[in-house]
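The block underneath contains the structure these notes are about, expressed in structure tokens.
The values are calculated or read from the model by the stated rules, or taken from the named source; none is laboratory data. No experiment lies behind these values; they were computed from the predicted model shown. Here the Cβ is made from the backbone with ideal geometry for all residues, glycine too, and neighbour counts use every protein chain on show. Just the protein is used for accessible areas: all its heavy atoms, side chains included, with ligands, DNA and RNA removed. Shrake-Rupley method; radii C 1.70, N 1.55, O 1.52, S 1.80 Å.
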Amino acid sequence: GQMEMIKTVGFVAAALFCIAAAPVVAVAMLALFALGLSGTTVIIAAQTNLQLRVDDGMIGRILALYSIAFIGSKPFGGLLAGWLMQVSGPRLAFAVSGVLVALTAAGLGLHEYRSSGAGANRPRPLDATDGTVRSGSRPG
């Protein structure tokens, strides 16, 4: 389900961090293999998730938008990665990519947590000034 995809996105981030910190080329090659495997899994899972959640009459339109967003963002990522590599080498580029992917995984995890209702039964935070419960707010 959704949590498996979030874990796989986290695995992509871990592979990127391993590449950035690889002490020798052999370790980097293993991490690149893991990156390719997990990245492909994320792409397939995201597309499958869209197909399962969208009405049959809208699948073509939604997947077209998904493709435009996915393919259209690559040039911007390539520019950023190229600039980072030129400025300080490939380690920084892979590390920054890892941070961005890790933040994405954390955001997806937070969204899943909030939408699952897991945090709905927790007490609401108190207002710092008078100790009253803030209406409509949840910690998080």
Exercise for the section: Show the residue pairs that are 6+ apart or on different chains and have beta-carbon atoms under 9 Å apart, the first residue being within the stretch 20-39 and among the β-branched types (Val, Ile, Thr), the second being assigned to a helix (DSSP H, G or I). Expected result: 27/18; 27/19; 27/21
Problem - Candidate set: the stretch 89-135, residues that are open to solvent by less than 60 Å² (accessible area, probe 1.4 Å) and of a type in the set (Asp, Glu); chosen: the one modelled with the lowest pLDDT - result: 127
Practice task
Determine, yes or no, whether residue 43 is β-branched (Val, Ile, Thr) and under 17 Å from residue 9 (Cα atoms).
Solution key: yes
Exercise for the section: Sort through 29, 58 and tell me the only one that's over 20 Å from the mean Cα position of the chain (by Cα), of a type outside the set (Val, Ile, Thr), open to solvent by 50 Å² or more (accessible area, probe 1.4 Å) and within 29 Å of residue 112 (Cα to Cα). Expected result: 58
Handout entry: Pick from the stretch 65-122, criterion free of Cβ contacts under 8 Å to residues at least 12 places away in the same chain and outside any helix (DSSP H, G or I), ranking: farthest from residue 20 (Cα to Cα)
Key = 121
